[in-house]
Amino acid sequence: MSSLITELEHRLTRYCAIDSQSDPASPSQPSTAIQLNMARLLETELADIGATDIRVTDYGAVLATIPATAPGPAIAFLAHMDTAPQFNATGVKPRVIRGYNGGEITFPDNPALILSPETSPGLATRQGHDIVTASGTTLLGADDKAGIAIIMEAARRLIADKPAHPEIRLAFTPDEEIGRGVDPRLPKDIGADFAFTFDGANPGEIEYESFSADGAEVTIKGVSIHPGWAKGKMVNAIHLAAKLISFLPQATMQPEVTEGREGFVHAVGMTGGSSEMVIHFILRDFELDGLKAKGEMLTRACEALALTEPRAEITCRISPQYRNMRYWLETDMTPVDLARAAARDIGLDPVSVPIRGGTDGSRLTELGLPCPNLFTGMQEIHGPREWVSLQDMAQAVALMQGIATRAATGT
């Protein structure tokens, strides 16, 4: 096994075993104290590899510098420390399947769970690779611990080998998975001319277009009364919440029936009881007009629901989350072109596909720090079948090194 693959395996499995899940219900910053465990570990490791200007900000981000060895624009590389709250992330037990044989992968802690090329087609092209998964009862956390491992290993090599490169800034952020990864102070604190997130999937992917995103919170207040004397008096908020969901287009605008450039309205959480219910939605579209239309549709659905039961109190509050990074990057493709050239240098054909989601780069770009997204190799994220190839990660390390050195040479 090559030294790079060995180093990536050690980093990834160590990072994934650390629980750093974010919590959308928490008002704190970062949303969970356990993310700071990851931050402190990275702070120590950055010092060990020789990075400078290392600090953990009061909003939970880890920042560091690799000093320049040549003139050029200051470049930042970012990954996020938190893992998705949609699935269990406590007690992650990473395991490595060396020299994957192309067949089905089973999971020791969940024998009924199967990962196969039929359900995850990317596996079919990774025969002979070293595949990392969890044990079957948790997600792996390669989203975005793979990105962290890639950046840390590339940084270690840049510091040790000292090729010609401009100043490089490193940033590891909390709470990306809940849309709170970019504190308004972060772009200035990073202090770069442009940046890249390592938060993508397949080798060669260099993404400069993401969803635009809003969040919505619908509150339904019914009328509460003892059920024994409820006839003609009770208004059950649970029933009204179910009715609201039924008003929305189930066959055309849900995540499970959309693809490509199609947006959606997605109910992500529902809490409460018969007297009051709160439903949280995420609204997604690649264009602002489409995003606005989805918000208006949800508002009209709430208004229609109110007409069916005038005794209920129904409110719909829509708030912006992030915007399509394309609106800014298409006016200056310098970082995208640089990444594409570096990808070709290592034998990859660069591919740019719209992200059916968002990254910290979406918000950073909107705030004035251009930040396209680069691949890590992670697949089937946010669930127990999550996996990543160490060989794909090695290509991402080479890409980061190539971006850094190309920025110095200006080629």
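The values are calculated or read from the model by the stated rules, or taken from the named source; none is laboratory data. All values derive from a computational prediction rather than experimental measurement. Positions of Cβ are generated from backbone atoms using ideal geometry, with glycine treated the same way; all protein chains shown enter the neighbour counts. The area values use the complete protein model at the heavy-atom level, side chains included, leaving out ligands, DNA and RNA. Shrake-Rupley method; radii C 1.70, N 1.55, O 1.52, S 1.80 Å.
Can you name every residue in the range 149-176 that is part of a loop (DSSP other than H, G, I, E, B) and acidic (Asp, Glu)? Scanning the range 149-176 gives 167, 175. Count of the range 1-58 residues, restricted to those that are among the β-branched types (Val, Ile, Thr), touching a residue at least 24 places away in the same chain (Cβ under 8 Å) and more than 16 Å from residue 142 (Cα to Cα), is 3.
None of 107, 87 is aromatic (Phe, Trp, Tyr) and either modelled with pLDDT under 95 or open to solvent by 50 Å² or more (accessible area, probe 1.4 Å) (or both) except 87. Scanning the range 321-368 for residues that are open to solvent by 50 Å² or more (accessible area, probe 1.4 Å), assigned to a loop (DSSP other than H, G, I, E, B) and β-branched (Val, Ile, Thr) turns up 331, 346, 353.
On the given criteria, is residue 250 more than 24 Å from residue 311 (Cβ to Cβ), open to solvent by less than 50 Å² (accessible area, probe 1.4 Å) and modelled with pLDDT under 95? The answer is no for residue 250. Would it be correct to say that residue 70 is aliphatic (A, V, I, L, M), assigned to a loop (DSSP other than H, G, I, E, B) and over 23 Å from residue 131 (Cα atoms)? Here the answer is yes, as residue 70 does meet what is asked.
Checked against (1) open to solvent by 60 Å² or more (accessible area, probe 1.4 Å); (2) in contact with a Ser or Thr (Cβ under 7 Å, 6 or more places away or on another chain), residue 311 passes all but condition (2).
Set side by side, the residues 131, 150, 105, 75 differ, and just one is under 27 Å from residue 210 (Cα atoms) and out of contact with any Asp or Glu (no Cβ under 9 Å at 6 or more places or on another chain), which is 150.
Taking the range 57-71 as the range and being over 26 Å from the mean Cα position of the chain (by Cα) and open to solvent by 50 Å² or more (accessible area, probe 1.4 Å) as the test, the residues that pass are 67, 68, 69, 71. Residue 65 meets each of the listed conditions (1) closer than 30 Å to residue 363 by Cα; (2) part of a loop (DSSP other than H, G, I, E, B); (3) touching an Asp or Glu at 6+ places or on another chain (Cβ under 6 Å) apart from (2). Give the residue that is surrounded by the fewest Cβ atoms within 10 Å (Cβ to Cβ), with candidates limited to residues of the range 2-56 that are in a strand (DSSP E or B) and charged (D, E, K, R). It comes out as 55. For the range 268-288, taking the residues that are small (Gly, Ala, Ser) and modelled with pLDDT of 95 or more, the one that is surrounded by the most Cβ atoms within 10 Å (Cβ to Cβ) is identified as 274. Please go through the range 127-170 and pick out each residue that is at positive phi and open to solvent by 10 Å² or more (accessible area, probe 1.4 Å). Scanning the range 127-170 gives 128, 162. Starting from residues that are more than 20 Å from residue 322 (Cα to Cα) and among the polar types (S, T, N, Q), keep the ones in the range 369-384 and report whichever is least open to solvent (accessible area, probe 1.4 Å). Taking the candidates together, the pick is 376.
Within the range 315-324, identify whether any single residue is within 23 Å of residue 173 (Cβ to Cβ), among the hydrophobic types (A, V, I, L, M, F, W, C) and in contact (Cβ under 8 Å) with a residue 40 or more places away in the chain, and answer yes or no. Within the range 315-324, not a single residue is within 23 Å of residue 173 (Cβ to Cβ), among the hydrophobic types (A, V, I, L, M, F, W, C) and in contact (Cβ under 8 Å) with a residue 40 or more places away in the chain. Considering (1) in a strand (DSSP E or B); (2) surrounded by fewer than 23 Cβ atoms within 10 Å (Cβ to Cβ); (3) hydrophobic (A, V, I, L, M, F, W, C), the lone condition that residue 398 does not fulfil carries the number (1).
Residue count for the range 97-130 under the criterion of being in a loop (DSSP other than H, G, I, E, B) and of a type in the set (A, V, I, L, M, F, W, C): the result is 3.
In the range 287-298, the residues that are more than 12 Å from residue 262 (Cα to Cα) reach residues that are β-branched (Val, Ile, Thr) and open to solvent by 20 Å² or more (accessible area, probe 1.4 Å) with C-beta atoms within less than 9 angstrom, at least six apart or across chains, in these pairs: 295/318; 298/318.
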